[in-house]
1. Is segment A:126-142 home to any residue that is farther than 30 Å from B:A43 by Cα, crowded, with 16+ Cβ neighbours inside 10 Å and free of Cβ contacts under 8 Å to residues at least 24 places away in the same chain?
2. Step by step: first the residues of segment B:1-40, then only those that are of a type in the set (A, V, I, L, M, F, W, C) and in a strand (DSSP E or B), then the one that is surrounded by the most Cβ atoms within 10 Å (Cβ to Cβ). Which residue is that?
3. Of the residues that sit in segment B:178-193 and are of a type outside the set (A, V, I, L, M, F, W, C) and not in a helix (DSSP H, G or I), which one is surrounded by the fewest Cβ atoms within 10 Å (Cβ to Cβ)?
4. For segment A:1-21, what are the residues that are out of contact with any helix residue (DSSP H, G or I) (no Cβ under 6 Å at 6 or more places or on another chain) and either in a loop (DSSP other than H, G, I, E, B) or exposed (fewer than 12 other Cβ atoms within 10 Å of the Cβ) (or both)?
5. Can you tell me which of (1) at pLDDT 95 or above; (2) away from chain B (no Cβ under 14 Å); (3) surrounded by fewer than 18 Cβ atoms within 10 Å (Cβ to Cβ) is the one A:E106 doesn't meet?
6. Filtering segment A:61-97 down to residues that are more than 17 Å from B:G85 (Cα to Cα), part of a helix (DSSP H, G or I) and not aliphatic (A, V, I, L, M), which residue is nearest to the other protein chains (Cβ to nearest Cβ)?
7. If you take the residues in segment B:132-165 that are in a helix (DSSP H, G or I) and of a type in the set (G, A, S), which one is farthest from the chain's Cα centre (by Cα)?
8. I need the full set of residues from segment A:42-60 which are more than 7 Å from every other protein chain (Cβ to nearest Cβ) and in a strand (DSSP E or B), in order please.
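The values are calculated or read from the model by the stated rules, or taken from the named source; none is laboratory data. Everything quoted here is computed from the prediction, not taken from an experiment. Glycine also receives a Cβ, built like all others from the backbone with ideal geometry; neighbour counts cover every protein chain displayed.
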Amino acid sequence: MAETSWQARVYAALKAARIAQVGYVPDAGHAHLIEAAHADPDIRAVVLTTEEEGIALAAGAWLGGQRAVLLMQSSGVGNCINMLSLPVNCRMPFFTLVTMRGEWAEFNPWQVPMGAATQAVLTAAGVHVRRAEHPDDAAEIVAASAALAFDSAVPVAVLLSQRLIGAKDFAK
Amino acid sequence: MRNDGTLNRRAVAATLLRNPGEMLVVTGLGAPTYDAAAADDRALNFYLWGAMGGAAMVGLGLALAEPSRRVLVLTGDGEMLMGMGSLATIAAAAPANLAIAVLDNARYGETGSQRSHTGLTTDLAAVAAACGWAATATARDMGEVEALTPRLRHEALFAVIRISAEEEARHLPPRDGAHLADRFRRALGVAGD
């Protein structure tokens with residue numbers, strides 16, 4: 001059997017969780033998922049102008065009986081805070097995968113403040129936070145976190161560590 | 001640009017929401033939520049009491065999930081201004097079954113009637129058109145509102161309705177989000193999904 005990438009296994013976990021809508025703000029760390037979602041006839045990929053739109057999109061999807069995921073970078077978490085009151089208050093599932101910046105061999109200092117605050121800010125806003133550090137269990141963490149979000153109807157974020165994603169190389 | 005709205009918001013909402021059938025309605029926080037509830041508090045209305053700027057995107061997620069049903073977002077100018085980027089997002093996603101009606105009084109009514117950008121320099125219908133909405137309209141009298149009503153149920157239309165800044169008595173629907181979401185999903189028949 002051909003070896004599949006951890007990103008492909010994460011995508012398979014989203015499919016197994018019956019995700020039907022993927023909202024995203026373009027991000028290099030999510031490039032595989034974004035391309036796969038656009039190529040998938042069973043998934044609707046929606047490019048957003050700002051991350052908070054994806055929370056409202058997911059709420060609308062849930063009201064209509066579909067499951068959504070929001071793909072964003074840690075910098076986008078700061079754009080989301082008040083909109084998180086929507087799934088929290090409505091006791092709706094919310095599921096997001098967050099690629100981390102500012103924590104591992106970060107070149108750009110502007111990414112550091114929000115990267116350092118991401119987990120605390122999400123927790124303070126009522127989101128359950130899980131963290132994936134290694135390629136071998138990233139898909140399992142995504143699958144278990146999606147089950148937590150949709151079966152228990154709570155907001156859940158999986159932080160994909162910058163070490164896992166691979167730090168951006170500005171010398172390239 | 002001046003605020004030239006003269007229409008009564010409750011009369012406008014009653015017209016837009018007359019005989020709604022199975023239409024799915026999402027309302028923006030503040031007065032549009034009260035207006036829709038005053039017209040008829042029905043299970044297929046989903047009222048936002050917060051999440052400012054999110055009404056149009058809730059409408060998009062719903063429209064994509066339920067492509068065979070009509071979705072109408074009824075919101076105010078301040079709420080739409082806060083989610084102005086979603087006009088670009090929705091135009092790009094191009095759902096055929098979603099329409100937005102903005103009750104534009106050029107004021108932030110909930111906070112003391114301060115002037116909004118639509119009473120200063122911004123034309124939201126022109127913004128929507130520039131974002132790629134093929135159909136936009138502005139209504140200034142009840143005849144135009146009557147003409148918009150069927151269009152909002154058949155077209156991917158972004159409509160601005162110039163209403164008077166006069167405030168109406170608050171008509172408060174339920175505000176527990178979990179209750180509103182659950183009754184909506186049950187009425188839609190997706191509560192088990």
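1. yes
2. B:V26
3. This residue is B:G192.
4. A:M1, A:A2, A:E3, A:T4, A:S5, A:R18
5. Condition not satisfied by A:E106: (1).
6. This residue is A:N89.
7. B:G143
8. Residue satisfying the conditions is A:A45 alone.
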